[in-house]
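Q: Sharing a structure below in C-alpha cells format, with a few things to ask.
A short reminder: the numbers here are calculations on the coordinates, not readings from a lab. Note that this is a predicted model, so its numbers are computed, not measured. Cβ sites come from the backbone with ideal geometry, for glycine too, and all protein chains shown count toward neighbours.
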Amino acid sequence: MVDLKHSNSLLSELASANPNMTDLDRLTNLYWGLTSVLRADVPGAVVELGCNAGLTSVLFASVILAEDPGRELHLFDSFEGLPAPSAHDAYLKEGDCRTSPAELRASFAKWELPEPTVHPGWFDTTLEEGVPPQVAFAYLDSDFYESILISLEHVWPRLAPGGSIVIDDYCDAELNPRAWNGLPGVKKACDDYFGPRGVSGRVLVGAGDLAFIEYRKP
Ligand SMILES: C[S@@+](CC[C@H](N)C(=O)[O-])C[C@H]1O[C@@H](n2cnc3c(N)ncnc32)[C@H](O)[C@@H]1O
C-alpha cells in the first residue's frame, strides 16, 4: 500500500517504471496539481484520458487516497494503442502504445490501490457517457490532434469552477524552449479549441523536456 501522507517516494518509483511516458517533472507537477485541487475542495471527479497501463493513474489514486478517499477516478483508453494520425501529427503511428485492461489492473494491484472506473474503447464511443457530469481535475495524455480535441470537447464544459486540466506534449517553443516537440498535433488541438473561446493556458516549465500546459476554469 502506498502512503503518500508520509512520503512521496512513489513518484520516483513510477518515473523509473514508466520512462517512455513520464518522468519526475511530469509526476511532480501532477502530484501538486491534483493535491491543490482536492485541498481546495473543488467538486467533481478525477479523470485521465489516455491512461495506458495506469502508471500515472496509480499516482492519482494514491493522492485521492491520501487527500479525499471518496473521489471518483475515471480512466479512459482504447487499450488498442493510438488511432491513425492526422496530417497534424508526427513521431508516433497507429497502434503504438498498445496495452490492456489487465495490465492496468496489475498496476493497481501492485500498489494495492482500490480499482478505478475504467472505460475501455475509442474516445468517440466512451467520453460522451463516461466522463462524469462534473470534473475537478483532468489529465489529457493522448498524443494526437483528434484525440486531444475530442477530449477537450467533453471535459472543458464539465470542469468545475476552480478545476484544472493538465495536458502533456504541449510544446510552446518560445515560452518553454526545453520542451519536447515531438507531437505538434497536441498544441494545435489546444490552440484550435481554446483560441476562439479566448481562454489562455499556463505553460509549465521543468528541469527536463517537460511539455505541460494547464487550463483552469475561473
Ligand atoms: C502516451 S499514452 C498515455 C500514457 C499515460 N498517461 C501514462 O502517463 O502512463 C497515450 C494513450 O492514449 C491512448 N489514446 C490515444 N488516442 C485515443 C483515442 N482516440 N481513444 C482512446 N484512447 C486513445 C492510447 O491508447 C495510449 O495508451
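Q: Spot the failing condition for Ser107; the list is (1) touching an Asp or Glu at 6+ places or on another chain (Cβ under 9 Å); (2) buried (at least 20 other Cβ atoms within 10 Å of the Cβ), and only one is missed.
A: Unmet condition: (1).
Q: I want to confirm something. Restricting to the range 18-56 and keeping residues that are within 13 Å of the ligand (Cβ to nearest atom), acidic (Asp, Glu) and not in a helix (DSSP H, G or I), which single residue is surrounded by the most Cβ atoms within 10 Å (Cβ to Cβ)?
A: Glu48
Q: Only one of (1) over 21 Å from Asp209 (Cβ atoms); (2) in a loop (DSSP other than H, G, I, E, B); (3) hydrophobic (A, V, I, L, M, F, W, C) fails for Leu82. Which number is that?
A: Every condition holds for Leu82 apart from (1).
Q: Can you name the residue in the range 119-133 that is touching a Lys or Arg at 6+ places or on another chain (Cβ under 8 Å) and surrounded by 14 or more Cβ atoms within 10 Å (Cβ to Cβ) and is also nearest to Cys171 (Cα to Cα) among such residues? If you could, list the steps in order and put the result at the bottom.
A: From the range 119-133, those touching a Lys or Arg at 6+ places or on another chain (Cβ under 8 Å) are 131-133; that's our starting set.
Narrowing the set further to residues that are surrounded by 14 or more Cβ atoms within 10 Å (Cβ to Cβ) leaves 131-132.
On the way: Val131: 26, Pro132: 29 Å.
Of everything passing the filter in the range 119-133, Val131 is nearest to Cys171 (Cα to Cα).
Q: If you go through the range 69-90 one residue at a time, how many are closer than 20 Å to Val131 by Cβ and either small (Gly, Ala, Ser) or more than 6 Å from the ligand (Cβ to nearest atom) (or both)?
A: Residues meeting the conditions: 10.
Q: Ok, one more. From the list Leu59, Leu4, Leu65, pick out the single residue that is assigned to a helix (DSSP H, G or I) and touching a helix residue (DSSP H, G or I) at 6+ places or on another chain (Cβ under 9 Å).
A: Values: Leu4 fails: assigned to a helix (DSSP H, G or I); Leu65 fails: touching a helix residue (DSSP H, G or I) at 6+ places or on another chain (Cβ under 9 Å).
Residue meeting the stated conditions: Leu59.
Q: Limited to the range 91-109, what total is found for residues that are within 12 Å of the ligand (Cβ to nearest atom) and of a type in the set (A, V, I, L, M, F, W, C)?
A: So the count comes out to 3.
Q: Now, a different point. Glu103 - would you say it is more than 15 Å from the chain's Cα centre (by Cα) and either aromatic (Phe, Trp, Tyr) or part of a helix (DSSP H, G or I) (or both)?
A: Details: more than 15 Å from the chain's Cα centre (by Cα): yes; either aromatic (Phe, Trp, Tyr) or part of a helix (DSSP H, G or I) (or both): yes.
So Glu103 passes the test.
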